[in-house]
Structures are given as structure tokens and as C-alpha cells.
Amino acid sequence: MATSRVITWEVSESKGIETAWTELGADTLRARGRAVGTTPQPYWISYELDTADGFVTRRLHVVAESAEGVRTLDLRHDGAGRWTANGDRLPDVEGALDCDLGLCPLTNTMPVLRHGLHLAPGEREFLMAWVSVPDLAVTPSRQTYTHLRPGLNRFVSGDFRSDIAFDDDGFVVDYPGLATRFGRS
């Protein structure tokens, strides 16, 4: 049985706010969210995320609106490591299991839950299909999560590093430099 939660973050990186309506199953996550930000430019986004078993991304659908207009991304994973964006193949992210929506703390949940890194020792490197906001470009991103103690993981991608606090369900509580959850329970 899925557990439903509504989570809201202050997103300091975008000088904005995000709310996600989530349904967390034993090994699946479904969510829909809305975010508004003012950096790198004023924008709003709306997204829907659906994972398959093992918290592997199945689909991320995003609509972004900014001064450049409205953009839509339909990012799909076929379950065998192949990705498409609006129907076009994305060979650069082949083999990735997860998407990572920029400026969105929710998408840090899937790799952490899959490997229990919020609860138990371990270190994992991932290839992510990273989606920049608000232009919705998809690029490969290598990311490493290292369990430091229960509820705390070090996140490293390139020269960027942050120690992210997660709750027992694997949702971000505090991501220094990016976002802090309201009602930090």
C-alpha cells in the first residue's frame, strides 16, 4: 500500500518554492509537483514522475514556462537503459536508471531509496539523465552518494559537493545550497 505525502521545500538555489504530492510504495514512487523560481530567471514548472519497480524512473513529464515561452519534456526510460526525450533517443544517458530534475530535491530520492543509502552504509556512483531548468535540456550527469550516518549522505557531482539530510522515507529534509523542507519533520 502506498503512503501519500505532500512535501514543500524552500528552494534557495532558485529563490523559489516547490511542492510535491507523493505516493511512496514498497519499491515505487509516483509524484506530481509544482515549482516557481526567480533564478536563473523567473519560471514555473509542473512535473509528473513515475517509477517502475526498484525506484527506476519510467517517465518524467515536465512543463516549464519562462520569458522564452512554454517548453514541454516527455522523458521516458524503457526499463533496459534506453531513454527518449519527446520521442528522440538520448544515447548520452544510456544506462542511467534515474532522472534528476534540476533545482528539484524530490529526484534525489530514487537512487537513495533503491540502495537504502539513507539508512545503511554504502557508496554508489550513478549516471543520471539530468534535466536543466527552465530550458529542460537533458544531459548526462555522474553523481556519487555516500552514506555518512543514518539520514545523511554526501552528494558529489563534478566539483559540487553537499551533505544532504534525508528522512526515514528517503525524502530530502535539507540540501545545503539548494533546498530546505518546510516543517522539517
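Readers should treat all values here as calculations from the given coordinates under stated rules, not as data from a laboratory. Fair warning: this is a prediction, and the values are worked out from it, not measured in the lab. Using ideal geometry, Cβ is built from the backbone for each residue, glycine included, and neighbour counts are taken over all protein chains shown.
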Exercise. Any idea how far the Cα center of segment 5-32 sits from the one of segment 63-107, in Å?
Worked result: 17 Å
Exercise. By the scheme Lys and Arg +1, Asp and Glu -1, what is the net charge of all other residues having a beta-carbon under 12 Å from that of L152?
Worked result: -1
Problem set entry | Amide proton proximity set for D100, modelled H, under 5 Å, gap of 5+ | A129, W130, V131
For this session: Would you mind giving the three semi-axes, in whole Å and largest first, of the ellipsoid equivalent to the chain according to its Cα gyration tensor?
Result: 22, 20, 16
For this session: Provide the gained length on full extension for the span S46 to E13, in nm with one decimal, where the gain is 0.36 nm per separating residue minus the Cα-Cα distance.
Result: 10.1 nm
Exercise. So how long is each side of segment 5-75 along the principal axes, counting just the alpha-carbon atoms, biggest first, in Å?
Worked result: 39, 24, 15
For this session: Mind telling me which of A31, A96, A67 comes out most flexible in a GNM of the chain, alpha-carbon contacts under 10 Å?
Result: A67
Exercise. At what distance in nm do the modelled label points of D135 and A120 sit from each other, each positioned 7 Å from its Cα along Cα→Cβ?
Worked result: 4.1 nm
